[in-house]
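Trainee: Quick one: structure below, then a few questions.
The values are calculated or read from the model by the stated rules, or taken from the named source; none is laboratory data. Given the structure is predicted, the values throughout are model-derived calculations rather than measurements. Note that each Cβ is placed from the backbone with ideal geometry, even for glycine, and that neighbours are counted across all protein chains shown.
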């Protein structure tokens, strides 16, 4: 009996040792090993990579021009030369065609891309592909699974800082599914939680896009954040509508968004300043009320808004 116990202990020790060694090998492969492989590949195949990038740029240009036939030609060439971004964009082109047959192509491309390189965007697109034009409950449940994954939900992901952000588009879809009970059990509290997280993420992403001088994507993120009820996104989008920044001026939308923003966030100097301007000028959406406008400007100035201080000085 002692001999058997001793053997079991040895096996247990060997198993633990193998598990540790296996974990180290897996880590080395997943992190530094992959980086080393990628560096060597980039060095050896630089001409092919540059060619693929040129083809991708051409394909992307035609995509934004909505010339999908030419986009498909260039993106296919780029994908065949190893460009993963081209592969994902090609899937989006097929999504734009919006047929069941194209969805098969879409999923093949996206699963292949996801296998090569995990991405929040790819996970979201897989979910969206399962969801589009489909009332099949099994496909909706699959969509929920991929939105959940792209949203970086779950206990483990919440502990890993690089996964905290998640994809705001996936978070929005997740909130809608919880709200409707489609693909999952209806849960209004979880829906509210994911709308809140989506709003925060979208606003942060929007600010990042501004930092990279990408105003079109910033605008899309602020719209998503405002739709999800984020006060900061509502304020930013409201000011853009007020001043016509990267968007057509719309005083009514500006007023509505700024009003929603200050109703949620009291320390909100830019929103108060925007409302002050609207009441001073009227803009055909509110009765001119200079007194109320100046009150709003004073609130903004008291909270540190330098533009409001300047405007108050010129109104003396």
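Trainee: Would you confirm whether or not region 3-24 contains a residue that is part of a helix (DSSP H, G or I), surrounded by fewer than 15 Cβ atoms within 10 Å (Cβ to Cβ) and modelled with pLDDT of 90 or more?
Mentor: So the first thing to find is which residues in region 3-24 are part of a helix (DSSP H, G or I), and the list is 3-24.
From the residues that got through so far, the ones that are surrounded by fewer than 15 Cβ atoms within 10 Å (Cβ to Cβ) too are 3-24.
Next cut, modelled with pLDDT of 90 or more only: none.
No, there is no match, as no residue in region 3-24 is part of a helix (DSSP H, G or I), surrounded by fewer than 15 Cβ atoms within 10 Å (Cβ to Cβ) and modelled with pLDDT of 90 or more.
Trainee: Further question on the same structure: Name the residue that is farthest from residue 200 (Cα to Cα), counting only residues in region 287-316 that are assigned to a loop (DSSP other than H, G, I, E, B) and more than 36 Å from the chain's Cα centre (by Cα). Spell out the reasoning first.
Mentor: First, pick out the residues of region 287-316 that are assigned to a loop (DSSP other than H, G, I, E, B): 287-289, 303-305, 315-316.
Still in the list and also more than 36 Å from the chain's Cα centre (by Cα): 287-289, 315-316.
Values: 287: 33, 288: 34, 289: 33, 315: 36, 316: 38 Å.
Here the answer is 316.
Trainee: Which of (1) within 25 Å of residue 172 (Cα to Cα); (2) crowded, with 20+ Cβ neighbours inside 10 Å is the odd one out, the single condition residue 111 does not satisfy?
Mentor: (2)
Trainee: With respect to the numbered conditions (1) under 27 Å from residue 177 (Cβ atoms); (2) part of a helix (DSSP H, G or I), which one is the sole condition not fulfilled by residue 73?
Mentor: Unmet for residue 73, out of (1) under 27 Å from residue 177 (Cβ atoms); (2) part of a helix (DSSP H, G or I): (1).
Trainee: What do you reckon, is residue 82 in a helix (DSSP H, G or I), surrounded by 15 or more Cβ atoms within 10 Å (Cβ to Cβ) and either on the phi > 0 side of the Ramachandran plot or free of Cβ contacts under 8 Å to residues at least 60 places away in the same chain (or both)?
Mentor: no
Trainee: For region 193-214, give me the residue count where each residue is assigned to a helix (DSSP H, G or I) and more than 14 Å from residue 168 (Cα to Cα). Lay out the reasoning, then the answer.
Mentor: So in region 193-214, the residues assigned to a helix (DSSP H, G or I) come out as 193-211.
Keeping just the survivors that are more than 14 Å from residue 168 (Cα to Cα) gives 210-211.
Result for region 193-214: 2.
Trainee: Among all residue pairs at least 6 apart or on different chains, which show Cβ distances below 8 Å where the first residue, located in region 210-222, is closer than 14 Å to residue 235 by Cα and the second is exposed (fewer than 14 other Cβ atoms within 10 Å of the Cβ)?
Mentor: 218/246; 219/246
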